[in-house]
Structures are given as C-alpha cells and as structure tokens.
Amino acid sequence: MKYCVYNHNIIDRGILSHYRQFRETRDGDRLPIFPANKAVIFMDSNGRYRVQTADGEVMFIGCGGIDEAIERVMHTQPDVEIEVIANGQRFKLEEWEFLNDEST
C-alpha cells in the first residue's frame, strides 16, 4: 500500500511550530504513524536518535536527545508503546527512565 507522511505545521507571528503528523493513502484514508502501536528509539552516545516503527520503517531522525525523541513520538501517537535501544541494550521506556533517574 502506498501512502504519504504529512507534517501539519502552524505559523504564528513568524514562528513555525510542528502541530501533528499523519499518514494518508492515495484514497485519502488516514493511518496511524506507528501501525503496531509500537515505536523503537535508537539512541547513540552523542544524543542523536532514530525512531522507527516495529517493521523497521524510519519515521524521525534528530539530535536533540531522548527527551526530544519521546516528545515527538508522544505528540504523533500518544498511546504508543516505546522501546529504547541504547548501548546495545533494549529497554521499555519505563525501564529506561527508571535507570536514568537512578543514575542522576
């Protein structure tokens, strides 16, 4: 199935802000960004991230750290399950947050 990913942005007083993101088929059917309701965030040691669907399709790439990646995922699909892969290990989001809260 062919589809496009759209970014709906708002420009207010010259400031551009990201509002939402969605997928749409050629027939106009709206689809969830993460079809299996699961997002995978790959983190490197420099704060760069890559967010993929469960099928391995890359949706976002950025360099603002884990907080930015989580914010973008939750903004796109609030009820999605997030898995974090960092330092060669897999974590559920809750495990990742717990481990990082313990280390600070």
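The numbers here are math on the coordinates, done by the rules we state, and not lab data. The model shown is predicted, which means the values in this text are computed figures rather than measured ones. Heads up, the Cβs are rebuilt from the backbone with ideal geometry, glycines too, and the neighbour counts pull from every protein chain shown.
So here's what we get for this one:
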{"read-out": "Other-chain or far-sequence residues with amide H under 5 Å of Y49's (modelled H)", "value": "G62, C63, G64, G65"}
{"read-out": "Å³ per residue enclosed by the Cα convex hull of the stretch 36-103", "value": "84 Å³"}
{"read-out": "Cut-off under 5 Å, modelled amide H: who pairs with E83 long-range", "value": "A39, V40, I41"}
{"read-out": "In sequence order, calculated HN-Hα J values of the stretch 76-88 (Karplus, 6.51, -1.76, 1.60; Hz; x Gly/Pro)", "value": "6, 8, x, 9, 6, 8, 10, 10, 10, 10, 8, 6, x"}
{"read-out": "Karplus-derived 3J(HN,Hα), 6.51/-1.76/1.60, for each residue of the stretch 59-64, Hz, glycine and proline x", "value": "10, 9, 9, x, 10, x"}
{"read-out": "Per-pair calculated FRET efficiency, R0 = 30 Å: R26 and H75 via Cβ, rounded to 0.05", "value": "0.75"}
